[in-house]
């Protein structure tokens, strides 16, 4: 049987992916609009992977402007079963240093402008988000990072803020008091939507700075962030390539592929036909 298809969403600095062969560029439309840009489908050896640059070609799209639903739905359309997102972040703890990589297993959401579900408009579903990443995929992603020599922190809490501005010092110190590990602007919506799409999901965070809480920095400096980012993007690319080789056939160890089972509350006879058609890819097997 074929390996699972790996989806990769690249964030700041991660605009393409080295080592992907036999690459095909795919432009998609989805029921939720256009994704950030074209998808690139290719192979790492015998493993199929699909790549999307989160912020579009030339980094044109703010975190708050991203069409998260289209990005995730497009991955589902292309047969992706495991999704890894890569993003830069600030460290909120002394021992998590710029240049390190983190594979978080929890999130706190401080966003307020973004659609966060495929449902509504006549269809109600409530999935569990108690454990928002796939434990198997997160474990394998951390192992892949270690295998290429990266400094990996496995587990921890990702705080997602609206942006695009970085935090005030008061905010940064407040978030530190909550015990969070990293702060960034994009992965929370991806985690929510991936769960609704029944994808295994994990995120790899590239730590670029100490936010503004740390006494060694006067403020978050975008120039320094970009410098550090360039150093660890290469490690992240090698890690996802290594991960693709470790994926097996789906079906063991997690419940991601059945996240919508028993989650759809709406009487099937009451679902509007237009919404039924729009969501068929996600909910068709339960109707």
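Considering only residues that are under 16 Å from residue 75 (Cα atoms) and touching a strand residue (DSSP E or B) at 6+ places or on another chain (Cβ under 8 Å), which ones fall in region 28-46?
Just the residues of region 28-46 that are under 16 Å from residue 75 (Cα atoms), to begin with: 28-43.
Listed by number, the residues that qualify are 28, 35, 36, 37, 38, 39, 40, 41, 42, 43.
What are the pairs, 6+ residues apart or on separate chains, where a residue within region 225-242 that is part of a helix (DSSP H, G or I) has its Cβ under 7 Å from a residue that is modelled with pLDDT under 90 and surrounded by fewer than 19 Cβ atoms within 10 Å (Cβ to Cβ)?
Taking only residues 6 or more apart or on different chains, the pairs are 237/18; 241/19.
Can you tell me which residues in region 67-80 are surrounded by 21 or more Cβ atoms within 10 Å (Cβ to Cβ) and not in a helix (DSSP H, G or I)?
80
What are the residue pairs meeting all of these: first residue in region 106-119, first residue more than 14 Å from residue 194 (Cα to Cα), second residue modelled with pLDDT of 95 or more and surrounded by fewer than 16 Cβ atoms within 10 Å (Cβ to Cβ), Cβ atoms under 7 Å, and 6 or more apart or on different chains?
Taking only residues 6 or more apart or on different chains, the pairs are 108/178; 110/162; 111/162; 112/162; 113/64; 113/162; 114/64.
Within region 129-214, which strands (runs of 3 or more DSSP E) (wholly inside it) include 2 or more residues that are surrounded by fewer than 24 Cβ atoms within 10 Å (Cβ to Cβ)? First the steps, then the outcome.
Values: elements: 152-154, 157-161, 182-184, 200-209.
In region 129-214, the matching strands (runs of 3 or more DSSP E) lie at 152-154, 157-161.
Of all residues in region 1-33, count the ones that are closer than 30 Å to residue 208 by Cα and outside any strand (DSSP E or B).
Residues meeting the conditions: 11.
Of all residues in region 252-270, which are farther than 16 Å from residue 130 by Cα, touching a strand residue (DSSP E or B) at 6+ places or on another chain (Cβ under 6 Å) and part of a loop (DSSP other than H, G, I, E, B)?
266, the sole residue that qualifies.
Within region 1-33, track down each residue that is out of contact with any helix residue (DSSP H, G or I) (no Cβ under 7 Å at 6 or more places or on another chain) and closer than 15 Å to residue 236 by Cα.
10, 11, 15, 16, 20
Restricting to region 43-60, give me the number of residues that are within 16 Å of the chain's Cα centre (by Cα) and farther than 22 Å from residue 244 by Cβ.
Within region 43-60, residues that are within 16 Å of the chain's Cα centre (by Cα) and farther than 22 Å from residue 244 by Cβ number 2.
Conditions: (1) in contact with a strand residue (DSSP E or B) (Cβ under 6 Å, 6 or more places away or on another chain); (2) crowded, with 21+ Cβ neighbours inside 10 Å. Residue 98 meets all but one. Number of the miss?
Only one criterion in (1) in contact with a strand residue (DSSP E or B) (Cβ under 6 Å, 6 or more places away or on another chain); (2) crowded, with 21+ Cβ neighbours inside 10 Å is unmet by residue 98, namely (2).
Identify the residue in region 34-50 that is out of contact with any helix residue (DSSP H, G or I) (no Cβ under 9 Å at 6 or more places or on another chain) and part of a strand (DSSP E or B) and, among all such residues, is surrounded by the fewest Cβ atoms within 10 Å (Cβ to Cβ).
So the residue we want is 42.
The values are calculated or read from the model by the stated rules, or taken from the named source; none is laboratory data. Since this is a predicted model, take the numbers as computed values, not measurements. As a convention, Cβ positions derive from the backbone with ideal geometry for all residues, glycine included, and neighbour counts pool all protein chains shown.
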